[in-house]
Amino acid sequence: MEIEYKKMINAEVIRADHVYKTYDLGQIQVEALKGVNFSMKKGELVSLMGPSGSGKSTLFNIIGTMDTPTKGAVFVNGIDLSTMTELEKTRFRSEQIGFIFQFYNLIPVLSALENVILPIAALKKPGKQQVEAGFRALDMVGLKDRANHRPDELSGGEQQRVCIARSLINSPAIILADEPTGNLDQETGKTILALFKKLNEDNHQSFLIITHDPAVAAQTSRTLYIEDGVIIQDSKIDVSSIDASAISIVDRAVTFIKAEDNVAGKISLPDLARKLSVEEDRVEQIVERILRRNLLTGHIEGDYLVMKKGGLERR
Ligand SMILES: Nc1ncnc2c1ncn2[C@@H]1O[C@H](COP(=O)(O)OP(=O)(O)OP(=O)(O)O)[C@@H](O)[C@H]1O
Ligand SMILES: [Mg+2]
């Protein structure tokens, strides 16, 4: 029994093996993923951070079987996703993957309860067991008394909790949340994270959460950092010991550097300070620390932050 249990808790819920994804747009090819490697054990609560366009959602779509890699393999619960037929994928998606999005994706004409049981009652009149399961899921997110409310009768945080209940309904192997707090105020975001943590601790529910918010990442037990289609950092980043805003500052710096009108591929620290409304010497200190920790590859050249990573520097 104990061996079985150990085997279970050591099992991998996700393994990505040299995953590449190239979007072929005819004239140009976009290399969204360039060899992503990582694995995640059952029961882990992991965050995924990285600048806009670094490949986070692309990776999610592949793990969620909504897209396929150009090269490489992804395993969910030990199953090689490339071996599945479309029909098997559809079934796998509804039973093994829970999705949570920034903009909720609830059906406006359905009640909270109906939305929650949709994955198990599609197109059928829900049975007693399904309704009970729906109430249980709503109870887990503290919304049992809102079961008959429609989405427009709920606050943003409540709508997100309905989505969480919906994602829980099948006890999926993994819940993928793409910026679940991106549309919420900080306080409400915190309660959503607290809920993830509770579900993780009480039910060993595995989560992979995309976020731009270092405060959200700090709540998870491990953070993957993806840049330009490659995972460049995989660890428990003690965000609080760096600076609560440091990662998002660099994150935004990369966005400025990649901007269409930035021909030079670099940004001066005073400019960055101005754009971010942060004191100048503070920006330098933060950037330096982040570079030293290899969260990003680049260097400070005089007054400029220069990113070295392929594709970031424009010529
Ligand atoms: N369907 C698609 N066709 C072509 N290019 C795409 C497609 N989807 C994504 N891309 C490109 O792939 C790269 C990675 O995009 P992705 O959506 O994964 O980024 P992201 O990290 O989720 O960014 P954000 O934080 O802004 O959501 C980007 O350069 C994007 O323009
Ligand atoms: Mg995205």
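Derivation of every value follows stated rules applied to the coordinates shown; laboratory data play no part. Note that the structure is a prediction, hence the values are computed from the model and not measured. Ideal geometry is used to build each Cβ from the backbone, glycine not excepted, and the neighbour counts take in all protein chains shown.
Given the pairs Lys144/Lys198; Lys128/Lys198; Lys34/Lys56; Lys34/Lys71; Lys41/Lys89, which span a C-alpha to C-alpha distance of over 19 angstrom in this model? Table pairs above 19 Å Cα-Cα are Lys128/Lys198; Lys41/Lys89.
Working from Cα pairs under 8 Å separated by at least six residues, relative contact order for segment 21-145 is 14 percent. Residues of segment 211-231 with backbone nitrogen within less than 11 Å of a virtual label 7 Å along the Cα-to-Cβ line of Val306, please, listed as ranges. The answer is none, because no backbone nitrogen lies closer than 11 Å to the label point. For segment 48-98, calculate the relative contact order in percent as a whole number, restricting contacts to Cα pairs under 8 Å that are 6 or more residues apart. Taking the mean separation of contacting Cα pairs over the length of segment 48-98, I get 23 percent. Restricting the calculation to Cα atoms, segment 1-136 shows an Rg/Rh of 1.02 when the hydrodynamic-style radius is the Kirkwood one. A protection proxy built from the mean count of other Cβ atoms within 10 Å ranks the segments 210-222, 11-23, 107-119, most packed first, as 210-222, 107-119, 11-23.
Taking label positions 7 Å along the Cα-Cβ direction at both Asn148 and Lys128, the computed distance is 2.0 nm, reported to one decimal. Using alpha-carbon positions, what is the distance between the centroids of segment 69-108 and segment 127-164, in Å? Taking the Cα centre of each part, segment 69-108 and segment 127-164 sit 23 Å apart. Multiplying the residue separation of Glu187 and Glu12 by 0.36 nm and subtracting their alpha-carbon distance yields 59.7 nm. Considering only alpha-carbon pairs that sit under 8 angstrom and 6 or more positions apart, the relative contact order computed for segment 76-219 is 29 percent. Within segment 9-72, the proportion of Cα pairs with more than 19 Å between them is 35 percent.
Take the convex hull of the alpha carbons in segment 134-200; its mean projected area over all directions comes to 4.4 nm².
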